[in-house]
Amino acid sequence: MSPLTLAFAGAGLPGFALGAYFSATGKAEMGVILMGLGLVFQVISLVRLKRAKQQGKQ
């Protein structure tokens, strides 16, 4: 697994968690932005994992 893929996954989880925290504490706009960025990072890491898996089969 690529270090960059791990970095995207590692940035996505805390980003989403911080977004949920900010949303719950009343800073909804910042929370939604962080949750969205966290999800984007997770999707990027999943796409990279899928591509690596497909390249390994060939």
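The values are calculated or read from the model by the stated rules, or taken from the named source; none is laboratory data. This is a predicted model, so every value here is computed, not measured. The accessibility values were calculated without ligands, DNA or RNA, using every heavy atom of the protein model including side chains. Shrake-Rupley method; radii C 1.70, N 1.55, O 1.52, S 1.80 Å.
Results, tabulated for the structure shown:
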| item | result |
| --- | --- |
| Dmax and Rg, reported as Rg then Dmax, of the chain (C-alpha, Å) | 13.9, 50 |
| Carbon/sulfur fraction of accessible area - region 6-56, other protein chains in place, 1.4 Å, % | 73 |
